[in-house]
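*Asks:* Structure incoming, see below.
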Amino acid sequence: MAKKPTRTKVPAKKPVDSPAPVDSRTVDAKIDVSPRFKLVFNGVMTLTVGCFVIAVALTWREPTTPMTEKVISSCLTMATMGFGAICGLLGGKNL
């Protein structure tokens, strides 16, 4: 007579406790930002906002000369480039 294979009883899996709900105010998520990054970011932010403010202030002046229009155009171009640089800095920091 052939011997039947014996079955071993597999222990039951313990239920996994679900983690406690996370409150966003209690999470200590810190991102390390180097002083060099802060310096560059603040410099670009300052120049961008400064160029935009200058462009808006010159736009409000009533008699606009061709030279003033060129300065406004240049300031808006610099503000646009600054915005692109800020996006690049923030995007590169996440990589």
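*Asks:* Return the residues of segment 43-84 that are without any contact (Cβ under 8 Å) to a residue 12 or more places away in the chain and touching a helix residue (DSSP H, G or I) at 6+ places or on another chain (Cβ under 6 Å); say none if nothing qualifies.
*Replies:* T68
*Asks:* Does any residue in segment 20-42 that is surrounded by 10 or more Cβ atoms within 10 Å (Cβ to Cβ) come within less than 6 Å, Cβ to Cβ, of a residue that is outside any loop (DSSP other than H, G, I, E, B) and modelled with pLDDT of 65 or more six or more places away or on a different chain, and which pairs are these?
*Replies:* Once the first residue is surrounded by 10 or more Cβ atoms within 10 Å (Cβ to Cβ) and sits in segment 20-42, its partners that are outside any loop (DSSP other than H, G, I, E, B) and modelled with pLDDT of 65 or more give F41/L89.
*Asks:* Kindly establish whether I31 is at pLDDT below 90 and either part of a helix (DSSP H, G or I) or touching a helix residue (DSSP H, G or I) at 6+ places or on another chain (Cβ under 9 Å) (or both).
*Replies:* Here the answer is yes, as I31 does meet what is asked.
The values are calculated or read from the model by the stated rules, or taken from the named source; none is laboratory data. Please read these numbers as outputs of a predicted model, since none were measured by experiment. Don't worry about glycine lacking a Cβ; one is built from the backbone with ideal geometry, like all the others, and counts go over all protein chains shown.
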